[in-house]
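S.K.: Let me give you the structure first, and then I'll get to my questions.
Taken together, the values in this text are just the output of simple stated rules run on the coordinates, not laboratory data. The shown structure was predicted, so the numbers you read here are calculated from the model rather than taken from an experiment. Virtual Cβ from ideal backbone geometry, glycine too; neighbours counted across all protein chains shown.
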Amino acid sequence: MKQLRLLIWVLVIFAVVSCEQKDLCYDHEPHAHRTQFQLRLSFDCEWEYNIENHIDWEQQWKPEYGIAYEDIAPKEPEGVRVHIYNEDDQTETVRNLTRQHNTISFNEEGHYDMIFYNNDTEYILFEGLDSFHTAKATTRGGHVRNAVMNTPDMLFGAFVDSIFVERQAVPDTLDVVLRPLVYTYLLRFEVTKGAGLIKHADGVLSGMATGVHLSKGHTTTSTGLLTFECTMQGDYGVQALVRSFGIPGYPTPHYSRGYEETYPHELYLNVSLTNGKTQSFKYDITEQMRKQPHGGVILIQDMEIEENSTGGGAFNVGVDGWGEIVHVPLN
């Protein structure tokens, strides 16, 4: 009996010592090596980026805007989708993640590229996702130059370029910060005469980017039109909140720099009056947009509404067929 007990203790001690030698236990849970990453997901919820031009709208915000600065900030999404590409850019794997379920596994060791974006969009269209270098986000109607396109949903994005994944017992941790790829503009029409005559107002914003390259953060060079509906702001006039990919051919401040070409941007406003008449305005806002490529405030000041204005008819998103257009120079 003593010899049997001794034999059992020897076997127990041998088993414990064996498990402490990690090179003998890699094929058994929980000591097996894996090609995995533990992600720490976070979101940058700023609504306008004007780093180059140092426009601080938060400090210049006015109470007559009728909305708090922080209320325009995008909400943090609950889920994230990641597309994983191997080094030859031919194998693509898709995973859905949350803060709680944030571990991604790879088939083998090697270099990988990854694209991240929030997975709760409705009007965003994704193209070229079979390749890291061609992945793009756009929206309906933006495939023909100057076509009217849907206003995009809020889109966050991030990418990881050529990260090496090796087999390890404890997964590495990777910080991924998803930042806005869609931005908000507050279009502010300040009326100095005739604000009480306005019954309804809507308009068109031209020259906006139709999409964004997900592995570069660079907006497309194609342009489209965005329509918008205004809300009344008492005696101050009307305003509208418009989401957009920003101006064309421009990088985000968190990616590469470089912008040379100036795209024209025009703002059309069609005002329906309480007497049944309409009045239309056209503004060149190129300089304001160039200073605010990724969200901000577009100010149209000193507007005058004439009670006896001519013109009539309905709003036309193609701008043609409007009533008399008033060309107003902006300083």
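S.K.: Spin-label point model (7 Å from Cα, Cβ direction): what's the H200 to D172 distance in nm?
M.R.: Calculated label separation equals 5.7 nm.
S.K.: Label-point separation (nm) for I67 and N119, each offset 7 Å from Cα along Cα-to-Cβ?
M.R.: 3.0 nm
S.K.: Right, next: Rank the residues E48, E306 as a footprinting-exposure proxy: fewest other Cβ atoms within 10 Å of their Cβ go first. Numbers along the way, then the final one.
M.R.: Values: E48 23, E306 14.
Least to most surrounded, the residues fall as E306, E48.
S.K.: Report the label-to-label distance for T231 and T93 in nanometres (one decimal), using points 7 Å from each Cα along the Cα→Cβ vector.
M.R.: A separation of 4.5 nm, rounded to one decimal place.
S.K.: Which FRET efficiency, nearest 0.05, do E266 and Q60 yield, Cβ-Cβ r, R0 30 Å? Don't skip to the answer; put the middle values down first.
M.R.: On the way: r = 25 Å, r/R0 = 0.82.
The formula returns an efficiency of 0.75 here.
S.K.: Also: Give me the orientation-averaged projected area of the Cα convex hull of the range 37-180, in nm², one decimal. Each step should come with its number before you reach the end.
M.R.: Details: hull surface 46.2 nm².
Convex hull of Cα atoms, orientation-averaged projection: 11.5 nm².
S.K.: Could you list M114, M149, M232 in order of exposure, starting from the residue whose Cβ has the fewest other Cβ atoms within 10 Å? Write down the numbers at each step before the final one.
M.R.: Numbers: M114 23, M149 26, M232 15.
By the 10 Å Cβ count, ascending: M232, M114, M149.
S.K.: Determine, from the Cβ-Cβ distance of N107 and T134 and an R0 of 35 Å, the FRET efficiency 1/(1 + (r/R0)^6), rounded to the nearest 0.05.
M.R.: Values: r = 22 Å, r/R0 = 0.63.
FRET efficiency, N107 to T134: 0.95.
S.K.: Of F37, F245, how do they rank once you tally other Cβ atoms within 10 Å and put the fewest first?
M.R.: Details: F37 24, F245 27.
Listed from fewest to most nearby Cβ atoms, that is F37, F245.
S.K.: By the gyration tensor of its Cα atoms, with a ≥ b ≥ c the square roots of the eigenvalues, what is the shape of the range 81-145: rounded for a/c under 1.5, prolate for a/b over b/c, or oblate?
M.R.: Details: a/c = 3.94, a/b = 1.45, b/c = 2.72.
Judged from the Cα gyration tensor, the range 81-145 comes out oblate (a/c at least 1.5, b/c at or above a/b).
S.K.: Let me ask you something else. With contacts defined as alpha carbon pairs under 8 Å and 6 or more residues apart, what's the relative contact order of the range 73-159 in percent?
M.R.: Numbers: 145 pairs, mean separation 23.9, N = 87.
Taking the mean separation of contacting Cα pairs over the length of the range 73-159, I get 27 percent.
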